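Okay, structure first, notes after.
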Amino acid sequence: MDLVTPEIREQLIANGRNPDGNHVPAVKWFNPVGAATWLITDADPEDPDIHFGLADLGFGCPELGSVRLSELQNYEGPFGLGIERDLFFTGRHPISVYAKAARDAGRIVESGPELDAAAKPSA
């Protein structure tokens, strides 16, 4: 499976041209036989192999940072399975909301009280 379609690549690079933006994740990648998940917002226009987003490797401390697409594409896990793209994922919030919810929950969450609380405007 392609981790990035041409349409997704176009969106990621467009977001990468505005690196200070609080972008909505354009794609979710995950390890089907592990705990790792990535919500990716942008790609470096100068080096489209470098992607930025929220990474959760399953150790209870998700963090914002960069990942090389080539490393994820070349990963081969148990049973020969690689990293997959969630075909049903649609980002609903800016990455800052997902990051706050992930810090509170200790993992990436896509729904539930942690995400609801993180999405509420600060008073």
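A few comments on the model shown:
- Accessible surface of the chain [probe 1.4 Å, protein heavy atoms]: carbon and sulfur percent: 50 percent
- Within the chain, the longest segment free of exposed loop sites, counting chymotrypsin sites (Phe, Trp or Tyr not before Pro) that fall outside DSSP classes H, G, I, E and B and have at most 16 other Cβ atoms within 10 Å, spans 1-58.
- Using a cutoff of 8 angstrom between alpha carbon atoms and counting only pairs six or more residues apart, the relative contact order for the chain works out to 24 percent.
- Fully extended contour minus Cα-Cα distance, from residue 17 to residue 44, at 0.36 nm per residue: 9.0 nm
- Computed over the chain with a Gaussian network model linking Cα atoms closer than 10 Å, the most mobile of 66, 111, 96 is 111.
- Highest-fluctuation residue, 110, 76, 63 considered, GNM on the chain with Cα pairs under 10 Å: 76
- Heavy-atom surface of the chain, accessible at 1.4 Å and reported per residue (Å²): 58 Å²
- Trypsin sites (Lys or Arg not before Pro) within segment 88-118: DSSP coil, no more than 15 neighbouring Cβ in 10 Å: 92
- Estimated from helices alone, the mean residue ellipticity of the chain at 222 nm is -8000 deg cm²/dmol (sum of -39500 (n - 2.57) over DSSP H runs with n ≥ 4, per residue).
- Using a Gaussian network model of the chain in which every pair of alpha carbons under 10 angstrom is joined by a spring, one finds that among 45, 19, 113 the greatest mean-square fluctuation is at 113.
- Among [x] 14.6; [y] 15.2; [z] 17.5, the entry that matches Kirkwood radius over Cα pairs in Å as calculated here: [x]
- Stretchable slack from residue 92 to residue 66, in nm (0.36 nm times residue separation minus alpha-carbon distance): 7.3 nm
The values are calculated or read from the model by the stated rules, or taken from the named source; none is laboratory data. What you see is a predicted model, and the numbers here were worked out from it, not measured in a lab. Glycine gets a Cβ as well: all are built from the backbone with ideal geometry, and neighbour counts include every protein chain shown. With ligands, DNA and RNA removed, areas are computed over all heavy atoms of the protein, side chains included. Shrake-Rupley method; radii C 1.70, N 1.55, O 1.52, S 1.80 Å.
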